[in-house]
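The values are calculated or read from the model by the stated rules, or taken from the named source; none is laboratory data. Computed from a prediction, not measured in an experiment: that's the story for all the values here. Quick reminder, even Gly has a Cβ in these numbers, built from the backbone with ideal geometry, and neighbours come from all protein chains shown.
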Amino acid sequence: MHIRMDNQRTGILLLYTGSPDAPTPKAVRQYLKRFLMDPYVLSMPPWLRGILVHGIIAPFRAKSSAEKYKSIWMEEGSPLVVITDRFAAALQRALPGYKVAVGSAYGAKTVADALQELLQEPLDKIVVLPLFPHFAGATRGSLLAMLDAACAAVDVSVPQMRIVPPFFSYGPYKDAMCGVAAPLLASFRPDCVVFSYHGLPVRQGRAKPTDGSALTYEEQCLRTTELLAAPLGIEKKKCIHAYQSRFGRGWLEPLLEPELERLASSGCRRVALIAPSFVTDCLETLEELDMRAKETFIKAGGKDFMRVPCLNDHPLWVAAAVNTVIAAA
């Protein structure tokens, strides 16, 4: 697939979270400090956040987190980084008239680095595609604040920017999700399908989005389950909605692992899981879901567990992103 856009000088800026540089305690500790010191992630007074992150979380979680990263690490590096780069390369091939750059919130190549890369080109505009289907302050909100800071710091004129809004309800995204999931579900024939979303504290998950979105993060996730379950032909009684990756009390519910235990104890033997929060496989899907969530379900009496892979660099997702970028440009 190649699309030529004559007389267009457009950059595409892909934004995502990023990953530690290596699956080692030192690298993970540095990553956790960058990640958790972000006020959009931990919304508390700076002095308290500093004590919590530097004095407790980073020192004591680095080793265990590094072991988790090690269990999923690819020969080329972090799965999230490797696959995101593959997706960016596929998008570049599909849109040869555009210039694609990738920037991360907490990884080695930052949002500012990616912006500088694009500014080396004579561009008329930049389409910004945060690789998160839903709005949350800790993801899209933080990345766009970093982009604002990066734009303010450069000493050259920044082209007009067009931000792709949350795309959980966009037809191309839904078609790609269903196109990847449908054949796998038909083959696996699950008793129940679980839609698992990245958890947030209730106060963040139910807060009014700062980008003008009409729905809260929780409402966006619930709507996504509805929008995907219907075309996939999943009966309402077999469709479960849950949240994963809890870090503390007062988070959105129902929680994933208790739901998996409940399903197993109620006689459900075959569970399929879809994780629409993530367009790219990462620690949360490859380790938390494929390993720990599966183990929870099997130990509780379940028999078979399948997770539908993320969109990654699947041709359907590349095509959806092309359509989304062109519509935004």
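Worth pointing out:
- A single entry from 57, 83, 72 fulfils the requirement of being among the β-branched types (Val, Ile, Thr), over 30 Å from residue 326 (Cβ atoms) and under 18 Å from the mean Cα position of the chain (by Cα): 72.
- Whether a residue is under 17 Å from residue 196 (Cα atoms), without any contact (Cβ under 8 Å) to a residue 12 or more places away in the chain and more than 14 Å from the chain's Cα centre (by Cα) was assessed, and residue 295 passes this test.
- Filter result for residue 42 (in contact with a Lys or Arg (Cβ under 7 Å, 6 or more places away or on another chain) and at pLDDT below 90): yes
- Among the criteria (1) crowded, with 21+ Cβ neighbours inside 10 Å; (2) touching a residue at least 60 places away in the same chain (Cβ under 8 Å); (3) of a type outside the set (Phe, Trp, Tyr), the one residue 184 does not fulfil is (1).
- Residue within segment 22-31 that is under 23 Å from the mean Cα position of the chain (by Cα), modelled with pLDDT under 95 and not in a helix (DSSP H, G or I) present: no
- Residue 305 touching a helix residue (DSSP H, G or I) at 6+ places or on another chain (Cβ under 8 Å), of a type outside the set (S, T, N, Q) and outside any strand (DSSP E or B): no
- Screening residue 134 on (1) surrounded by fewer than 22 Cβ atoms within 10 Å (Cβ to Cβ); (2) within 22 Å of the chain's Cα centre (by Cα); (3) more than 22 Å from residue 9 (Cα to Cα) shows it passes everything except condition (1).
- Residue match in segment 32-54 (condition: of a type in the set (Val, Ile, Thr) and farther than 25 Å from residue 113 by Cβ): yes
- Of the set (1) over 25 Å from residue 184 (Cα atoms); (2) modelled with pLDDT of 95 or more, all apply to residue 209 but (2).
- Residue that is farthest from residue 146 (Cα to Cα), among those in segment 28-58 that are among the aromatic types (Phe, Trp, Tyr) and crowded, with 18+ Cβ neighbours inside 10 Å: 31
- Being buried (at least 23 other Cβ atoms within 10 Å of the Cβ), in a helix (DSSP H, G or I) and touching a residue at least 12 places away in the same chain (Cβ under 8 Å) is a property that residue 100 lacks.
- Some residue of segment 220-242 being buried (at least 19 other Cβ atoms within 10 Å of the Cβ), farther than 25 Å from residue 314 by Cβ and not assigned by TED's automatic domain parsing to the domain that holds residue 138: no
- The selection criterion, being over 18 Å from the mean Cα position of the chain (by Cα) and not assigned by TED's automatic domain parsing to the domain that holds residue 136, does not hold for residue 275.
- Any hit, segment 236-243, residues being within 23 Å of residue 294 (Cα to Cα), at pLDDT 95 or above, of a type in the set (D, E, K, R) and touching a helix residue (DSSP H, G or I) at 6+ places or on another chain (Cβ under 8 Å): no
- Hits in segment 62-82 (condition: buried (at least 18 other Cβ atoms within 10 Å of the Cβ) and farther than 19 Å from residue 290 by Cβ): 62
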